[in-house]
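What follows is a set of notes on a single structure, which appears directly below.
Taken together, the values in this text are just the output of simple stated rules run on the coordinates, not laboratory data. All values reported here derive from a predicted model rather than from experimental measurement. All Cβ positions, glycine included, derive from the backbone under ideal geometry; neighbour counts span all protein chains shown.
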């Protein structure tokens, strides 16, 4: 298991800028090919923030149907491993043999209705463990098979009007989505995000908030 750590620094002017916009610091796991990005963590601005997590995988299902700005609660979940398949029977998720490849996780919906499913993760913010949060989401029909490609990438931005677990359309993210269109954005306001790639050899990274651009940047 690899432990990851993100150090976030925000000066007093940055805190004022974020608060004036009614914003929070948001952590997401970017899914460029997905229609939705899921808000995993929201943090009130502080001068120093440490966000920690691991590469442990969790697969989940939710009875809440996926739609724009919908909050996706986790109803069932199970620790998952790369290369394995899982099945949801309407109540619990259980192992169901090998997946179609080593670098993926798969889940079959054996319940009687369409569910929302994806991967979830537990984050720790300034030593406070957060509730498990969905990091990806897609709709899965009855007897359908979902395939997940885990990533250690993290997206950091400032968002207003968001909530943990919210499904935000990818086109709402400036400088991330090729189809970005601010005319289509709803209740959520998003600043251009910073995307960081974590790995076992690059497990700790530090960023600062630039209150002039309202964006995060790597510490030089």
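Annotation: for a label point projected 7 angstrom from Cα along Cα→Cβ of residue 217, residues of the stretch 129-157 with backbone N closer than 17 Å are 156-157.
Antiparallel beta bridges, as assigned by DSSP with both residues in the stretch 21-133, represent about 85 percent of the total such bridges. Label-to-label distance for residue 203 and residue 9 is 2.3 nm, based on points extended 7 Å past Cα in the beta-carbon direction. When each of 81, 60 is scored by the number of other beta-carbon atoms lying within 10 Å, the sequence from fewest to most is 81, 60.
Which of rounded, prolate or oblate describes the stretch 96-149 when judged by the alpha-carbon gyration tensor and an a/c cut-off of 1.5? Provide the component values of the computation, followed by the final result.
Working: a/c = 3.10, a/b = 1.71, b/c = 1.82.
Oblate, because a/c is 1.5 or more while a/b does not exceed b/c.
The shape of the stretch 1-125 comes out prolate: with a ≥ b ≥ c from the C-alpha gyration tensor, a/c is at least 1.5 and a/b beats b/c. Averaging Cα coordinates gives a centre for the stretch 26-84 and one for the stretch 119-159; these two points are 2 Å apart. Within the listed set 31, 130, 102, the Gaussian network model of the chain (springs between alpha-carbon atoms below 10 Å) gives the highest mean-square fluctuation for 102.
Exposure proxy ranking for 38, 72, based on other Cβ atoms within 10 angstrom of each Cβ and starting from the fewest, stands as 38, 72. Sorted ascending by nearby beta carbons within 10 Å, beginning with the fewest, 9, 111 become 9, 111. Between residue 153 and residue 20, the contour length at 0.36 nm per residue exceeds the Cα-Cα span by 45.0 nm.
So what is the 222 nm mean residue ellipticity for the chain from helices alone, if each DSSP H run of at least 4 adds -39500 (n - 2.57) and you divide by all residues, rounding to the nearest 500 deg cm²/dmol?
Rounded to the nearest 500, the figure is -1000 deg cm²/dmol.
Pairs of alpha-carbon atoms within less than 8 angstrom and 6+ residues apart define the contacts here; what relative contact order does the chain have, in percent?
Numbers: 583 pairs, mean separation 57.3, N = 220.
It rounds to 26 percent for the chain.
Comparing 17, 117, 170 in a Gaussian network model of the chain where C-alpha atoms under 10 Å apart are linked, the largest mean-square fluctuation is found at 17.
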